[in-house]
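Here's the structure we're looking at; comments come further down.
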Amino acid sequence: MVRTLKSALVAAACCAVATPLLVTLPAAAKLPVPKRAGTGLTQYAAALQGEPEGFAAYVPQTSCDPQWRKGLQRFRDLVLATYPQTKDWGSMRDCTDDGISEHLDGRAWDWNANAKDPAQFKAATDLINWLLADNAYWARRLGIMYIGYNHRIWGAYRASEGWRPLSPSDPHTDHVHFSFSWQGAFGKTSFFDGTAAAQDYGPCRPFRGEPAVLYSRTRANSRPCSNPPGLSRTSGKPGKLLWRGSRGSEVRTVQSALGVSASGYFDSATMHAVATFQRSKNLPVTGAVDTVTRTRMVSEGILKR
């Protein structure tokens, strides 16, 4: 399948006929016309079943579980193989690095394709035009939620608006940001297995302002998350949230209590140890020392009030 998919991207980038321009980036950007399917893509499309997915809903990051997920890895590998003049700028971030960001739950990838580099810019526009041609056919098949590049953002959930201005504080001129739906991140869309997937709304927050549970997706969540309840008095008084990327003496104390190397840096091993503790105490398994977990650790003498 990888060879077939790679040939699809190669065909889209190199061996196609011209069609009217579908993608509009900043006026300063002179884009080539989008490339349509060549033989490789046509052969692959014949193996797909039924209609493509609908446009992905906006499902923001609520949990923090940074890891390379199957769909992102496969998309990354195909893109880099097709456009060797570009680079991988990674997916994973610490929970303390950003505000709301799909990098934190394993649903975003940054592709180094600098708009000021002619070869890289051509690669970026080739791929983006291919993704968004024919009513964003391949973006929907992949489960792409939004794309940010060169001062503009395209969102599947606002597709009728086309490209919109991107925050000037981070114009994404040196890379393309791809955020995926949960089904796309897990590689559970028609691009990967031939069958269109239903919308997956991911994990829901157990309490307002607290992180959502880690999402293994043993069963997709087909319903949007409702507004979570507030913390009750018995849930505890909110304290400092400890999760991936946190540092300090409290992290070191938690690590010592849970049998993890006491480095003072909240790493992946610490996250898994906290998740194991939460399961053993029947707490929401967020992998973070959130309010409910902190309250339990205080009651057991692990942390001080």
Tally, over the stretch 213-232, of residues that are open to solvent by less than 80 Å² (accessible area, probe 1.4 Å) and farther than 17 Å from H272 by Cβ: 9
Filter result for G301 (more than 22 Å from V213 (Cα to Cα) and of a type in the set (G, A, S)): yes
Check on R205, farther than 21 Å from Y157 by Cβ and either under 18 Å from the mean Cα position of the chain (by Cα) or open to solvent by 50 Å² or more (accessible area, probe 1.4 Å) (or both): no
Residue list for the stretch 222-236, filter: under 30 Å from M297 (Cα atoms) and either assigned to a loop (DSSP other than H, G, I, E, B) or modelled with pLDDT of 90 or more (or both): C225, S226, N227, P228, P229, G230, L231, S232, G236
Members of the stretch 81-119 that are under 22 Å from G71 (Cβ atoms) and among the small types (G, A, S): A81, G90, S91, S101, G106, A108, A113
Exclusive hit being within 15 Å of P211 (Cβ to Cβ) and modelled with pLDDT under 95, set T291, T286: T291
Number of the condition not met by R223 [criteria: (1) within 25 Å of Y137 (Cα to Cα); (2) in contact with a helix residue (DSSP H, G or I) (Cβ under 9 Å, 6 or more places away or on another chain); (3) among the basic types (K, R)]: (2)
Residues of the stretch 81-97 that turn out to be open to solvent by less than 60 Å² (accessible area, probe 1.4 Å) and either at positive phi or without any contact (Cβ under 8 Å) to a residue 12 or more places away in the chain (or both), as a count: 1
Within the stretch 246-266, tally of residues that are buried (at least 19 other Cβ atoms within 10 Å of the Cβ) and outside any helix (DSSP H, G or I): 3
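The values are calculated or read from the model by the stated rules, or taken from the named source; none is laboratory data. Please read all numbers here as calculations on a predicted model, not as lab measurements. We place every Cβ from the backbone using ideal geometry, glycine too, and count neighbours over all the protein chains shown. When the accessible area is computed, the model is the full protein with side chains, heavy atoms only, and any ligands, DNA or RNA have been set aside. Shrake-Rupley method; radii C 1.70, N 1.55, O 1.52, S 1.80 Å.
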